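> Please see the structure below; I have some questions.
The values are calculated or read from the model by the stated rules, or taken from the named source; none is laboratory data. This one's a predicted model, so the numbers in the text were calculated from it and none came from an experiment. When the accessible area is computed, the model is the full protein with side chains, heavy atoms only, and any ligands, DNA or RNA have been set aside. Shrake-Rupley method; radii C 1.70, N 1.55, O 1.52, S 1.80 Å.
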Amino acid sequence: MSHRQGQGGAIGPELTKIAAKLKEGDLKAQLENPKKRNPSTSMPSFKTLPKADMDALLGYLKTLK
């Protein structure tokens, strides 16, 4: 696996400044239903994550500004 310097890859987008681009509700919607925004994405849905895990993931993503 090659390191892409934060550029994202085949499965997911570049995330280094995701919180500057999306509000928390939009981030959660993207995680729960990635195909709604981009029907051709390979990103899996995280809809079944336990609430504590989703909250932790959102908390981390909110730091990426």
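> Return the sequence-ordered ³J(HN,Hα) values of segment 22-30 in whole Hz as given by the Karplus equation 6.51 cos²θ - 1.76 cosθ + 1.60 applied to θ = phi - 60°, using x for Gly and Pro.
Once θ is set to phi - 60°, the couplings for segment 22-30 become 10, 6, 4, x, 6, 4, 4, 4, 5 Hz.
> Sticking with this structure for a sec: With a 1.4 Å probe and every protein chain left in place, tell me how much accessible area Lys17 has, in Å² to the nearest 10.
120 Å²
> Additional query: HN-Hα J couplings of segment 50-58 from phi, Karplus 6.51/-1.76/1.60, θ = phi - 60°, integer Hz, Gly and Pro as x?
x, 3, 4, 5, 4, 4, 5, 5, 5
> Now for a separate question. Enumerate the amide H contacts of Leu64 below 5 Å, restricted to partners 5 or more residues apart or on another chain; note that Pro and chain-start residues carry no placed amide H.
Ala19
> Which aspartates and glutamates, if any, have their Cα less than 19 Å from the Cα of Lys35, not counting same-chain residues under 8 positions apart?
Within the straight-line limit of under 19 Å, Lys35 reaches these aspartates and glutamates: Glu14, Glu24, Asp26.
> Using amide H atoms built 1.01 Å from N in the peptide plane, name the residues 5+ places from Leu15, or on other chains, whose amide H lies under 5 Å from its own.
For Leu15, whose amide H was placed from the backbone, the distant partners under 5 Å are Gly8.
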